[in-house]
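Asker: Right, I'll just put the structure down here and ask away after.
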Amino acid sequence: METSHQFRRWKKEKPPSRILAVRFQALGDTVITLPYLYNLKTKYPAVRIDLLTRKEVAAIPSHLPIFDRVIAIGGKRNVKLQILSLMSVLPFLLFRRYELVVDLQHNKISRLVRKLLFASAWSEFDNTSPVSAGIRTQNTINISFNWNVRLQPIEGFNTDEPLALLRRHGFAPGNKLVVLNPAGYCASRNWPIENYISFATLWLAEFPKTQFVLLLLPHLEEKAKRIASALGNACIDLTGNADQWDAFGIISLSHLIVSEDSGLMHMSWVQGIPTIALFSSSRKEWAAPQGGGSYCFDSSDLPCGPCQLEVCKFGDNRCLTRITPERVMSKCRELIQIKSTDLIVSV
C-alpha cells in the first residue's frame with residue numbers, strides 16, 4: 001500500500017548536496033530511520049546529511065558513519081522548551097544552507113523547522129497510513145528525489161567499547177550472544193518471565209556455548225534478577241550498566257534477539273540481526289521489525305487484537321501467553337539460517 005505525503009520535490013537532475021533529516025521522537029522511532037538514511041549515504045557518499053533530533057536519542061546517530069552533523073535540541077518532550085532550544089541552534093541550521101529537508105517527524109516543530117530554513121525541496125512523513133514506519137520513512141525520502149532508497153542494515157562501525165563492557169562482565173569469547181529483552185512498556189505487552197527462562201533453557205540444550213545478555217533499564221531490575229538467577233553463568237546482566245550506544249554495539253555482536261515491542265527490538269533489525277518480536281496490543285502494521293531476518297508474533301488474528309490497551313481487558317494477556325517458548329524456539333531455528341549479509345541490498 002502506498003502512503004500519502006506532502007512534499008515539494010527536488011527538480012534538478014543533480015541530487016541536492018546538503019540534506020537535513022528531522023526526527024524528534026522516541027529512541028525506537030529514531031532508530032527506524034537509520035537503515036534508510038544509511039542506504040542513501042551509501043548510494044550518494046558525496047551528499048552531506050545532517051540529523052536534527054532530541055538530546056535523549058542522539059547518541060546512536062552520533063556514532064554512525066551516516067551524518068556530517070547530529071544537531072540535538074533539549075526540552076525533552078515539552079514543546080515550549082523544545083522551541084526555545086531550537087531557536088538556539090537555528091543560526092547554525094541557517095548557516096548550513098540545506099537544499100532539502102526530509103521531515104521524518106511531521107509535527108508542529110518539524111514543520112516550523114522546514115519553513116524557517118526556506119529549503120528548495122522538502123517532504124513530510126505520513127503519520128496516518130496503516131503501513132510500517134520503515135516503509136513510510138523509505139517513501140518520505142524517495143518522494144523528494146529519485147533516490148530509490150531501500151532498507152540497508154547498518155554495519156562497519158567500531159564495537160571495541162561494547163565488547164570491552166561485555167568482557168568485563170564475564171563474556172567468554174567464542175560463545176554466542178543472545179539478547180533477551182522483556183521491556184514492553186506496559187503490562188499488556190509483557191511476555192511472562194518464566195517463558196524467557198524456558199526459552200533460554202531450550203536454546204542452551206541445542207547451543208550450549210551461549211550467553212544471554214540483559215540490557216534493561218534500572219526500573220526493570222527485578223525482571224533482570226529473576227532471569228539472571230535462573231540462568232546463572234549463562235547470563236550477562238547489564239541492567240543499568242549499558243547506555244544506548246553500548247546496547248546498539250552489543251546487539252551488533254549478537255546472534256539473535258528475543259524482544260517485546262521496544263527500542264532494543266528496533267536496534268536489532270536495523271542491523272540485520274535475527275529478531276523475534278513479541279507483540280500483543282501493539283499494531284504490527286505500524287511497528288513490526290522489517291527485513292527477511294525478523295519475525296513478529298502478534299495479535300491481529302484475535303477478535304480483541306491489537307487492542308492498544310495498556311492492561312489486558314481479560315486480565316490474562318492471552319495474546320502473549322499463547323506464544324509458547326517452543327514456538328519461539330522453532331521460529332528462531334528458521335531465522336538463524338538467514339545471515340545478515342543476505343539482507344543487505346546492493347547499492
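The values are calculated or read from the model by the stated rules, or taken from the named source; none is laboratory data. If you're wondering where the values come from, they're calculated on a predicted model, not measured in any experiment. Glycine also receives a Cβ, built like all others from the backbone with ideal geometry; neighbour counts cover every protein chain displayed.
Asker: Could we say that residue 70 is modelled with pLDDT of 95 or more, over 21 Å from residue 154 (Cα atoms) and not polar (S, T, N, Q) here? Break it down into steps so the answer makes sense when it comes.
Answerer: Details: modelled with pLDDT of 95 or more: yes; over 21 Å from residue 154 (Cα atoms): no; not polar (S, T, N, Q): yes.
When the stated conditions are applied, residue 70 does not pass them.
Asker: Select from region 140-178 the residues that are of a type in the set (Gly, Ala, Ser) and within 19 Å of the chain's Cα centre (by Cα) and list them in ascending order.
Answerer: Passing the criteria: only 156.
Asker: Which of the residues spanning region 1-10 are of a type in the set (S, T, N, Q) and either free of Cβ contacts under 8 Å to residues at least 24 places away in the same chain or surrounded by 19 or more Cβ atoms within 10 Å (Cβ to Cβ) (or both)?
Answerer: From region 1-10, those of a type in the set (S, T, N, Q) are 3-4, 6; that's our starting set.
Answer for region 1-10, where residues must be of a type in the set (S, T, N, Q) and either free of Cβ contacts under 8 Å to residues at least 24 places away in the same chain or surrounded by 19 or more Cβ atoms within 10 Å (Cβ to Cβ) (or both): just 3.
Asker: Of all residues in region 254-303, how many are at pLDDT below 95, farther than 18 Å from residue 133 by Cα and either touching a Lys or Arg at 6+ places or on another chain (Cβ under 8 Å) or small (Gly, Ala, Ser) (or both)?
Answerer: Residues in region 254-303 being at pLDDT below 95, farther than 18 Å from residue 133 by Cα and either touching a Lys or Arg at 6+ places or on another chain (Cβ under 8 Å) or small (Gly, Ala, Ser) (or both): 2 in total.
Asker: Residues being among the hydroxyl-bearing types (Ser, Thr, Tyr) and in contact with a Phe, Trp or Tyr (Cβ under 9 Å, 6 or more places away or on another chain): count how many of those fall in region 165-195.
Answerer: Total satisfying the criteria: 0.
Asker: Continuing with the same structure: Looking only at region 295-308, decide whether some residue is in a helix (DSSP H, G or I) and outside the structural domain of residue 138 (by TED's automatic domain parsing).
Answerer: Within region 295-308 (the criterion being in a helix (DSSP H, G or I) and outside the structural domain of residue 138 (by TED's automatic domain parsing)), the answer is no, since none of the residues qualifies.
Asker: Here's a follow-up. Of a type in the set (Ser, Thr, Tyr), closer than 22 Å to residue 335 by Cβ and touching a Pro at 6+ places or on another chain (Cβ under 7 Å): which single residue out of 299, 281, 252, 262 fits that description?
Answerer: Within the list 299, 281, 252, 262, the selection yields 299.
Asker: Report the residue count in region 108-139 for those that are more than 21 Å from residue 31 (Cα to Cα) and within 19 Å of the chain's Cα centre (by Cα).
Answerer: Residues that pass the stated criteria total 0.
Asker: Still on this model: Of the numbered conditions (1) modelled with pLDDT of 95 or more; (2) farther than 14 Å from residue 140 by Cα; (3) within 22 Å of the chain's Cα centre (by Cα), residue 48 satisfies every one except a single condition; which is it?
Answerer: Going through the list (1) modelled with pLDDT of 95 or more; (2) farther than 14 Å from residue 140 by Cα; (3) within 22 Å of the chain's Cα centre (by Cα), residue 48 breaks only (3).
Yes/no matrix, rows are residues, columns are (1) more than 24 Å from residue 262 (Cβ to Cβ); (2) buried (at least 19 other Cβ atoms within 10 Å of the Cβ); (3) modelled with pLDDT under 95; (4) not assigned by TED's automatic domain parsing to the domain that holds residue 268:
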position	(1), (2), (3), (4)
12	yes, no, no, yes
19	yes, yes, no, yes
26	no, no, yes, yes
34	no, yes, no, yes
42	yes, no, no, yes
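Asker: For region 110-119, give me the residue count where each residue is assigned to a loop (DSSP other than H, G, I, E, B) and exposed (fewer than 14 other Cβ atoms within 10 Å of the Cβ).
Answerer: Of the residues in that region, 1 qualify.
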